[in-house]
Amino acid sequence: MSRFVATLRNDVRLQLRYGFYVAGAFVATIWIAILTQMPPDGVRVALPAFLFLNGLTTTFFFVAGLVLFEKREGVLAALVVTPLREGEYLAAKVTTLTLLATLEGLVIVLLGWGTELRLGPIVLGSLIVGVLYTLFGFLVVFRYDSINEFLLPGSLFMTVVQLPVFSSFGVWDAPYFWLWPTKGALLMFQAGFAPLGAVEWAYALLYSGLWIAVLVGFVRRAFRRFVVRGEGVR
């Protein structure tokens, strides 16, 4: 536990040093400025989508930046011979970035809309999407050594992951989006304004939990392959 707590503190220090919290506040300010200029009916439609998309920078791209920095500084190479377990390393980053994304989402909701909505589902949605996006970030970035190598495949990957957002606007509401790992989180955000049925709640929680469990397995395998064994598949 002491190793995990120390890793959490170190990650928070790194995030502060590299301006992650300032960047998160800047992005939140932009979303709030947009939302406050929209009519209430428009916000009801747009806010769940904004929250769904907003976590991308704070989790997926931030964890990529941290991992690439640690690769460049030799931290990851040294990590494999320290007592710190891979699960503790991964969990620390998932925890700090997910909490940051959740806090950012709450600020957007409260300042861009107010308190007249269900905060519980929105917090759950933020936690789910934060964990998913951070795990996706690990899964992609372990394969690369520089931000230039990572940006294009990472952006294309997350564009596909976030396709269900189109269903929020009625632009593209395909039945197969229910197979997407992020559909449950999107439902949670929408539940802030309209209640979900029992089946939808079960789907959102259980299916999201299943995907998180699967991704944890894939991420740990990728860590061993690209970090511990140093394979260089590009």
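Listed values, structure above:
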{"read-out": "Criterion: among the polar types (S, T, N, Q) and touching a Lys or Arg at 6+ places or on another chain (Cβ under 7 Å) - qualifying residue of Thr98, Thr134, Thr82", "value": "Thr134"}
{"read-out": "Residues that are of a type in the set (Phe, Trp, Tyr) and modelled with pLDDT of 90 or more, drawn from the stretch 191-222", "value": "Trp201, Tyr203, Tyr207, Trp211, Phe218"}
{"read-out": "Helices (runs of 4 or more DSSP H) wholly inside the stretch 135-234 containing at least 1 residues that are surrounded by fewer than 17 Cβ atoms within 10 Å (Cβ to Cβ) and of a type in the set (Lys, Arg)", "value": "198-222"}
{"read-out": "Near pairs, Cβ below 6 angstrom, 6+ apart or cross-chain, from the stretch 215-229 (farther than 13 Å from Ala77 by Cα) to any residue that is among the aliphatic types (A, V, I, L, M) and assigned to a helix (DSSP H, G or I)", "value": "Leu215/Leu135; Phe218/Leu139; Val219/Leu135; Val219/Leu139; Ala222/Leu139"}
{"read-out": "Residues of the stretch 146-189 that turn out to be polar (S, T, N, Q) and touching a residue at least 60 places away in the same chain (Cβ under 8 Å), as a count", "value": "4"}
{"read-out": "Residue in the stretch 36-49 that is farthest from Leu152 (Cα to Cα), counting only those that are touching a Gly at 6+ places or on another chain (Cβ under 8 Å) and surrounded by 17 or more Cβ atoms within 10 Å (Cβ to Cβ)", "value": "Val43"}
{"read-out": "Boolean, Leu99 is at pLDDT 90 or above and more than 21 Å from Asp145 (Cα to Cα)", "value": "yes"}
{"read-out": "Those residues of the stretch 1-55 which are outside any helix (DSSP H, G or I) and modelled with pLDDT of 90 or more, in sequence order", "value": "none"}
{"read-out": "Among the candidates Phe61, Phe69, residue that is at negative phi, touching a residue at least 40 places away in the same chain (Cβ under 8 Å), assigned to a helix (DSSP H, G or I) and surrounded by 16 or more Cβ atoms within 10 Å (Cβ to Cβ)", "value": "Phe61"}
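The values are calculated or read from the model by the stated rules, or taken from the named source; none is laboratory data. Here the structure is a predicted model, which is why all the values come from computation and not from measurement. Note: ideal-geometry Cβ built from the backbone for every residue, glycine included; neighbour counts use all protein chains shown.
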